[in-house]
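The values are calculated or read from the model by the stated rules, or taken from the named source; none is laboratory data. Here the structure is a predicted model, which is why all the values come from computation and not from measurement. Ideal geometry is used to build each Cβ from the backbone, glycine not excepted, and the neighbour counts take in all protein chains shown. Side chains included, ligands, DNA and RNA excluded: accessible areas come from the protein's heavy atoms. Shrake-Rupley method; radii C 1.70, N 1.55, O 1.52, S 1.80 Å.
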Amino acid sequence: MVTLWDRVFRPVTKAFAVVSAVLCGALALLLTAEVVMRSTTGDSIRGLFEIAELALVMTVFLGFAQAEVNGTHVRVTLLTDRLKPAAANRLRGVALLIACVFLAWMSFELVERAVNSFIGGEYRTGLLNFPVWPSRVFVAFGTSLLAVVMLAKSLVYFTGRTPSGATESAEGGAA
């Protein structure tokens, strides 16, 4: 049976994970070009430090939701492994709901900071004055997407089921 989880969350988070992987690959290519350029000409790529710093942040936050959907996000299953499946699922749902509330609050604050960064023209000072707001937007978006995924996942657990495509051991709750 194809669920909303499979139709919506898996493809959406996978798309952002692909963007994250592409950014990571581009960053690796830039760093490789930097090494080659330094060893051959002695020069470096201007502003690479600032670009790498901000791209790394974007890469990390775009991948969080995919890790949660796949059940590979960090978990502590000390308690839930010892409970009956129905009780473990309810506890996982509660833990995800608490995490979701915290992430929603974080998202609200992060969106506000991203907007202020854009309006204020915040930039990272270095060899290049690189704008900070794009990475702030990615952080806010990635955190918001993770909050939505955790909310949906908690609702699946409250129904007594395990999100499809995941095993019980991989889906150990954060409780």
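Only Cα pairs within less than 10 Å get springs; with that Gaussian network setup on the chain, which residue of SER44, SER144, SER135 has the largest fluctuation?
Per the Cα network of the chain with a 10 Å cutoff, SER44 tops the list.
Amide H neighbours of ARG124 under 5 Å, at least 5 residues apart or on other chains, H built in the peptide plane: list them.
Answer set, sorted by chain and number: PHE130, VAL132.
Report, in deg cm²/dmol and to the nearest 500, the calculated mean residue ellipticity at 222 nm for the chain, where each DSSP H run with n ≥ 4 adds -39500 (n - 2.57) and the sum is divided by the residue count.
Calculated mean residue ellipticity at 222 nm is -24000 deg cm²/dmol.
Rounded to the nearest whole Å², what accessible area per residue is found for the chain with the 1.4 Å probe?
Result: 57 Å² per residue.
Could you tell me the center-to-center distance, by alpha carbons, between segment 1-75 and segment 94-150 in angstrom?
Between the Cα centres of segment 1-75 and segment 94-150 lies a distance of 16 Å.
In the Gaussian network model of the chain, springs joining C-alpha atoms below 10 Å, which of MET150, MET58, MET37 carries the largest mean-square fluctuation?
With Cα springs under 10 Å in the chain, the top fluctuation among MET150, MET58, MET37 is at MET37.
In segment 32-175, what percent of the accessible surface is made up of carbon and sulfur (1.4 Å probe, ligands and nucleic acids excluded)?
70
Suppose R0 equals 25 Å; then what is the FRET efficiency for PHE102 and GLU122 from their Cβ-Cβ distance, rounded to the nearest 0.05?
Values: r = 25 Å, r/R0 = 1.01.
The pair PHE102/GLU122 has a calculated efficiency of 0.50.
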